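Contents: one structure, followed by commentary.
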Amino acid sequence: MADADNPFQKPAPAFRPLGVHILTVTDTRTAKEDGSGSYLANAVQAAGHILHSRDLVRDELYDIRAKVSVAIANPDINVVLITGGTGMFPRDVTPDAVELLFDKKIDGFGEMFRAVSFEEIGMSTIQSRATAGIANKTLIFCLPGSTGACRTAWEKIIQKQLDPRMESCGFTRVFNMWDKA
């Protein structure tokens, strides 16, 4: 709402709920044991967005890429949150699977995630290959598999960027541009 004393202040943009798909990359967890995916599902809904779908996939390059490809082809999905597979070990292939699909990489996300994670876990954050990008007009965030890392990414970065009332220069501006195209 605009301030009556300031005629130049624009009203805050309206909230727009986004359709979100959550993908957990794991060789070891079941849906019941998926704490990070459950955290993200609850956080997305608490923020007023729509949990469109949720899935698990093995730590296999082409399996991950196939699941993400299906999600970004769905016009009802605006955001894909992927948890798991972003480390530096041989089975951690999520960034390798997904970055190939990006039309644009959001370099600042990985940089900012490691910066805020440093405050919580110290130099261990250097092992994270968290990344983000845009593919087929869909935002994709690749997060570590720990619930704590997902909480950090959601609460300190992603949630604010997906709510135009909090960050009018956030990622939601991209959706407004696509709507006009």
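The values are calculated or read from the model by the stated rules, or taken from the named source; none is laboratory data. Keep in mind that what you see is a predicted model, and the values were worked out from it rather than measured. Quick reminder, even Gly has a Cβ in these numbers, built from the backbone with ideal geometry, and neighbours come from all protein chains shown. Ligands, DNA and RNA are stripped out before the accessible areas are found, and what is left, the full protein with its side chains, is counted by its heavy atoms. Shrake-Rupley method; radii C 1.70, N 1.55, O 1.52, S 1.80 Å.
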**OP:** Starting at the first residue of segment 101-118, write each ³J(HN,Hα) from the Karplus equation 6.51 cos²θ - 1.76 cosθ + 1.60 with θ = phi - 60°, in whole Hz, x for Gly and Pro.
**Re:** 7, 4, 7, 9, 8, 9, 4, x, 5, x, 4, 5, 4, 5, 5, 6, 5, 4
Original post:
If eta is 1.567 mPa s and T is 4 °C, what Stokes-Einstein diffusion coefficient results for the chain, Kirkwood Rh from Cα pairs, in µm²/s?
Top reply: 77
Original post:
So how exposed is residue 137, as accessible area in Å² (1.4 Å probe, rounded to 10)?
Top reply: 110
**OP:** Give the long-range amide H neighbours of residue 83: residues separated by 5 or more places, or on another chain, with amide H under 5 Å away, using H modelled in the peptide plane at 1.01 Å from N.
**Re:** 23, 24, 25, 143
Original post:
Just how much of residue 112 is accessible, in Å², when a 1.4 Å probe is used and the result is rounded to the nearest 10?
Top reply: 100
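Can you tell me what share of the DSSP beta bridges in the chain is antiparallel? A percent to the nearest 5 is fine. Could the numbers behind the result be given before it?
Numbers: 7 of 24 bridges.
Of the beta bridges lying entirely in the chain, close to 30 percent run antiparallel.
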Original post:
Expressed in nm to one decimal, what extension gain is obtained for the pair residue 31 and residue 151 from 0.36 nm per residue of sequence separation less their Cα-Cα distance?
Top reply: 41.4 nm
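Might you tell me the accessible area per residue for the chain, computed with a 1.4 Å probe and given in Å²? Can you show the working numbers first?
Details: 9540 Å² over 181 residues.
Here the residues of the chain average 53 Å² of exposed surface.
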Subject >> Computed accessible area, residue 33, all protein chains, 1.4 angstrom probe, square angstrom >> reply: 110
**OP:** Would you rank 62, 39 by solvent-accessible area, highest first, keeping every protein chain in place and using a 1.4 Å probe?
**Re:** 62, 39
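How much FRET efficiency would the formula 1/(1 + (r/R0)^6) give for residue 73 and residue 123, where r is the Cβ-Cβ distance and R0 is 45 Å, rounded to 0.05? Numbers along the way, then the final one.
Numbers: r = 39 Å, r/R0 = 0.87.
The calculated FRET efficiency here is 0.70.
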Original post:
So, with +1 on the Cβ of K and R and -1 on the Cβ of D and E, and no other charges, what is the size of the charge dipole of the chain about its Cα centre, to the nearest 20 debye?
Top reply: 260
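Of the accessible area of segment 78-175, with the probe set at 1.4 angstrom, what percent is carbon plus sulfur?
Numbers: 2390 of 4430 Å².
Of the solvent-accessible surface of segment 78-175, carbon and sulfur hold 54 percent.
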